[in-house]
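Have a look at the structure below, then the notes.
The values are calculated or read from the model by the stated rules, or taken from the named source; none is laboratory data. Owing to the predicted nature of the structure, the values given are computational and were not obtained by experimental measurement. Methodologically, a virtual Cβ is constructed for each residue, glycine included, from the backbone with ideal geometry; neighbour enumeration extends over all protein chains shown.
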Amino acid sequence: MPPADTTPSSDRPATRLATRISFLVAGFGLACWAPLVPFAKQRLAVDDGTLGLLLLCIGIGSVVAMLLTGPLSARFGSKPIILAGGFGLAVVLPALTLATTPLALATALLAFGAALGSIDVAMNVHAVEVERAAGTPLMSGFHALFSIGGFAGATLMTALLSWGIDPLAGTLASAAAMAIAMAFAWPRLLAGAQGAVEGSLFVRPRGIVLLLAGLAAATFLAEGAMLDWSALLVTDAGLTSASQSGVGYMLFAIAMTVGRLVGDRVTARVGDRNTLLWGGILAVVGFVVLLAAPIAWLRMSGFLLIGLGASNIVPVFFRKAGAQTAMPSALAIGAITTAGYAGILVGPAGIGFVANAIGLHAAFWMVAALLCLIPLTAHIVAGRGARPRAAP
């Protein structure tokens, strides 16, 4: 029997907590998979090429689910989709350790990606509703919980595996934690079809939503470059040894998490326009420092600047998607999430092709140039009313 909805939707502390739990579970579930990849490769006895194709299934499942989640959230509300995605992650995670054939793992990864894509879109739709009701910036803090969940999931799973715990037992423990968290959030999520719409659920993005989607893709592309290529960049430049090549991304991730934890207060003080303007400038300066500074430690500090600058850009995009009137907010958020995810999926591969032609250093300069679009379009994206009102 599902828990009864006993908490009023106007109970802001409860709905904020439930939203934070949703973001935490999404980040936690995704990160739990990362330490399991070597075990999956060994169990299936596949080569790197086959493994790469299998991992692509997560992206395929996510994108397909994202395309559906926006319309479904617009019609039925975000709550049932958040629950389906969160509990889906908990159910599918252990199955990833049981797959003994490439086909079985591909099927499980498609389902895992679909659950992740569903909760990713729906929790942002829910977050927009909660932030709108609160009347104060909350989006950066919600996104910070995704990062914290990722750190917690990777740390817990790595610890369990290092202690000799069987991967299945480790995923069952992690899945149980996610299920308990989602059960706690269940009655506290906003009930009903928030912002439900009639008519066609598939609307082509238009107006400001197209701009937001393009900028989100560029921002996520930069994040993907940090994740997939920063280690090679710093080793090729002689900034670190191969064994320490992950330090750059670690600095980036820490700075982004810290930036999001304080981002709501910053945005409330300076407004959306200045958050995009100075955040974009800081991220671009970070790339310049990383690529051109004459001292190794100074170049490594570029990762901190990029993380801090980029930390609150995407939360502003989601807030503006919820406020625009060109199309239903749930559909707009779905479009932006899908475009951003496409940036993460396609962007790093594109960087690889560019790097092969003109070098990785030059490819990163192109990423920096792409990020210049953020401050250049800040006044268009923010528009009027760029400073969110503070909570009473």
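Within region 87-130, the set of residues being over 18 Å from the mean Cα position of the chain (by Cα) and not aliphatic (A, V, I, L, M) comprises F87, P94, T97, T100, T101, P102, T107, E129.
This table checks each residue for (1) touching a Ser or Thr at 6+ places or on another chain (Cβ under 6 Å); (2) over 16 Å from L44 (Cβ atoms).
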site	(1), (2)
P71	no, yes
I82	yes, yes
G86	no, yes
P94	yes, yes
T97	yes, no
L109	no, no
G113	yes, yes
L116	yes, yes
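Conditions (1) over 18 Å from G150 (Cβ atoms); (2) out of contact with any Gly (no Cβ under 7 Å at 6 or more places or on another chain), marked per residue:
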{"site": "M256", "(1), (2)": "no, no"}
{"site": "D272", "(1), (2)": "yes, yes"}
{"site": "W297", "(1), (2)": "yes, yes"}
{"site": "P328", "(1), (2)": "yes, no"}
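Taking region 354-376 as the range and being surrounded by 13 or more Cβ atoms within 10 Å (Cβ to Cβ) and β-branched (V, I, T) as the test, the residues that pass are V354, V367, I374. Please tell me if T257 is within 30 Å of A14 (Cβ to Cβ), at pLDDT 80 or above, assigned by TED's automatic domain parsing to the domain that holds V288 and in a helix (DSSP H, G or I). In short, yes.
For R273, the test of being surrounded by fewer than 23 Cβ atoms within 10 Å (Cβ to Cβ) and modelled with pLDDT of 85 or more is passed.
Inclusion of L232 among residues that are assigned by TED's automatic domain parsing to the domain that holds V367, outside any helix (DSSP H, G or I), at pLDDT below 90 and more than 26 Å from L145 (Cβ to Cβ) is not warranted. Among residues of region 302-352 being outside any helix (DSSP H, G or I) and among the small types (G, A, S), the one that is modelled with the lowest pLDDT is A326.
In region 312-329, of all residues being among the hydrophobic types (A, V, I, L, M, F, W, C) and under 9 Å from V209 (Cα atoms), the one that is surrounded by the most Cβ atoms within 10 Å (Cβ to Cβ) corresponds to A321. For first residues located in region 367-384 and under 27 Å from I351 (Cα atoms), partners that are charged (D, E, K, R) and lie 6+ apart or on another chain with Cβ distances below 9 Å form the pairs A378/D272; A378/R273; V381/D272; V381/R273; V381/K320.
Count of region 59-89 residues, restricted to those that are farther than 22 Å from S329 by Cα, crowded, with 23+ Cβ neighbours inside 10 Å and modelled with pLDDT of 95 or more, is 1.
Return the only residue of G248, G192 being modelled with pLDDT of 80 or more and not aliphatic (A, V, I, L, M).
Details: G192 fails: modelled with pLDDT of 80 or more.
Checking each option against the conditions leaves just G248.
Examine region 353-369 for a residue that is among the aromatic types (F, W, Y), modelled with pLDDT of 85 or more and part of a helix (DSSP H, G or I), and state whether such a residue exists. Yes, some residue in region 353-369 is among the aromatic types (F, W, Y), modelled with pLDDT of 85 or more and part of a helix (DSSP H, G or I).
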